[in-house]
Each structure stands twice: as C-alpha cells, then as structure tokens.
Amino acid sequence: MKFVSNMRCTWAMLAGMVVLGGCHHQEDPGVADPPVSQAIKPPAGNAGAGTWRAFAARVVHDEVKDDTLHPFTFAVPAGDDADAKEARRSIVMAVRTTLGNTAIPGNLLAFTGPDSRAVAAVIEESFRDLPTSVTKGVTVLYIGTSDMSSRVDKVMRDAGARLRVRAMATPE
C-alpha cells in the first residue's frame, strides 16, 4: 500500500514538473536582456549628429537579438540654439508619425544624444497624449545617463510601451 502511495506521489511530482516546465515568461524576442556591465562610453559631447547616430546604431546592434527587427534610431541634439530646438521638434514629429502610421508591436525606437535631459524631454513629448493602442507593444531603448531614466520610465509606463535602458557615462 505504501508503495502505491509513493508511486502516486512520484507521478504527481513528475506531472507537476512537466506542467511547470512548459510555463515560461514571455519576453520581447527582438531585444536582449539588459547587460549588467558599467555605463558605456559615449562620443564626445560636441560630436556631430552622424557620430551620435553611429553610436546609437552600435548600441542597438549590441542590444538586439533579432536581425530582422527594424529599429528606428534618433540622435537628439543638445543646445538651446534655434537649429537644435528645430531638430528636436522634427524628431518629436517623426516619432509621433512613426507611432501613428508604421510602428507595430515589437518595433524598437532608440534614443540617444549628448544631453540626456534633452533626450528624455523628446521621448516625453513624443509619447504625450498618444493612445495606448498606438504605443502598446512598442519598445523604447533609452541610451543616456541613469539620472534621467526614471523620467523616461514614467512616460513609458503611462504610454503602455516597454522601456529598455542602456546607461551611458556623461559625455565629455
């Protein structure tokens, strides 16, 4: 009798392991787990937009697992002059257009630049007042200083989008 009871217990445990083995946490297949390394070294603060776009492309390449994923990268300029302000307004409009017309769940939008405060402001403005039906399932990769990541995190939670943070050191 004890043998039968032990066999039932063994079969119940095996069945439980099979059931639990089939359960797994679903992740965004296109984006790697955040690295545990130190903050990455960015280009110089006065580097041009092309250098920052190349930097963003390199970071996205390191973060993305799926080669078929088409990331949208945005290099946000620093500065308070008219050109920088206009460039940031253009990025906001491009992001909003992308989200409204072409972004689908699983797409990745990456943002970086020499001034993390400006990057966070562009992300905030880009996602402001958009319905979650437009932003749900979209992943934003914030490449900036960690002091602005909580600001970006709040925006992404409100928008229903997924946030990935890749901390960078403060540009020199």
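Each value in this text was obtained by applying a stated rule to the coordinates, not by laboratory testing. Just so we're clear, the structure is a prediction, and the values are computed from it rather than from any experiment. We place every Cβ from the backbone using ideal geometry, glycine too, and count neighbours over all the protein chains shown.
Structure notes:
- Between Thr132 and Ser150, the simple spin-label model (points 7 angstrom out along Cα→Cβ) gives 2.3 nm.
- Relative packing of 116-123, 49-56, which averages over residues the other C-beta atoms within 10 Å, highest first: 116-123, 49-56
- D_trans [Stokes-Einstein, Kirkwood Rh over alpha-carbon pairs] for segment 24-167, 25 °C, 0.890 mPa s, µm² s⁻¹: 161
- Net length gained if the chain between Arg53 and Lys85 were fully extended (0.36 nm per residue, minus Cα distance): 9.7 nm
- Phe74 long-range amide H proximity, modeled H, under 5 Å: Ala110, Phe111, Thr112
- Inter-centroid distance (Cα atoms) of segment 147-167 relative to segment 73-142, Å: 12
- Label-point separation, His70 to Ala169 (7 Å along Cα→Cβ), nm: 3.6
- Cut-off 13 Å between beta-carbons: net charge of the residues surrounding Ala169, Lys and Arg +1, Asp and Glu -1: 0
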